[in-house]
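Step one of this worksheet: look at the structure below.
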Amino acid sequence: MIVWMNGPFGSGKTTLVEELRPRWPEALVFDPEMVGYVLREIVDVPTGDFQDLPLWRRQVAGLAVGLVEEYRRPLLVPMTLVDPGYVSEIFGALKAADIVVHHFFLKVAPEVLVRRIDTRSSFPDDPVQEERVRAWCKARIGACTAAVDTLPGDTVFLDGESTPPELADQVLAHIG
């Protein structure tokens, strides 16, 4: 089983997964951004978004399938994935491998996302990179919030302004 936590940057995906980890110790955590970081070290990413690389999408699906099949443990995946074609490609590969996917999307008001993005720190020793990442995340708020209408029909929408414990309770109740 895969539990995919989706939503805009700053919506709380990683925080929610961190809340779930101690409650569900048998679950593994797979962050597809790591695949993107590795690819960036090897090849150019012309658009700046590693999700645009077909290899990233294949590797994410393949690694997720491999982790579930090899270790027979649930997988928590915190990753923004809103391009309908990419969602279809990755989730289609997971379905073809006969893996159950529970897809959650954290809905958060744009102004709250901006505030959260502005207060988090990914590169504290590199203010230029820090601002570049913040600008990149904020530039995608519109596309991420608009994606709500294009996500798979079985997507479970969560109020991303709820507390992490409340959200974790909802996720665990939904997946049983």
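Restricting attention to the range 141-162, the residues that are open to solvent by 20 Å² or more (accessible area, probe 1.4 Å), part of a loop (DSSP other than H, G, I, E, B) and over 20 Å from Gly92 (Cα atoms) add up to 2. On the given criteria, is Arg58 part of a helix (DSSP H, G or I), surrounded by fewer than 18 Cβ atoms within 10 Å (Cβ to Cβ) and either β-branched (Val, Ile, Thr) or in contact with a strand residue (DSSP E or B) (Cβ under 9 Å, 6 or more places away or on another chain) (or both)? No. For the range 8-46, residues that are in contact (Cβ under 8 Å) with a residue 60 or more places away in the chain and aromatic (Phe, Trp, Tyr) total 2. Name the pairs whose Cβ atoms lie under 8 Å apart, with the first residue in the range 91-104 and closer than 14 Å to Met79 by Cβ, the second open to solvent by less than 20 Å² (accessible area, probe 1.4 Å) and of a type in the set (Ser, Thr, Tyr), and 6 or more positions between them or separate chains? From residues that are closer than 14 Å to Met79 by Cβ, the pairs are His103/Thr155; Phe104/Thr155. Selection of the range 119-140 for residues being of a type in the set (Gly, Ala, Ser) and open to solvent by less than 60 Å² (accessible area, probe 1.4 Å) yields only Ala135. In the range 149-175, the residues that are closer than 17 Å to Pro78 by Cβ never reach a residue that is at pLDDT below 95 and of a type in the set (Asp, Glu) with C-beta atoms less than 6 angstrom apart, at least six apart or across chains.
The values are calculated or read from the model by the stated rules, or taken from the named source; none is laboratory data. Remember, predicted model here, so these are calculated numbers, not experimental data. Cβ coordinates were reconstructed from backbone atoms using ideal geometry, including for glycine residues, and neighbour counts include every protein chain displayed. Note: areas computed on protein heavy atoms with side chains; ligands, DNA, RNA excluded. Shrake-Rupley method; radii C 1.70, N 1.55, O 1.52, S 1.80 Å.
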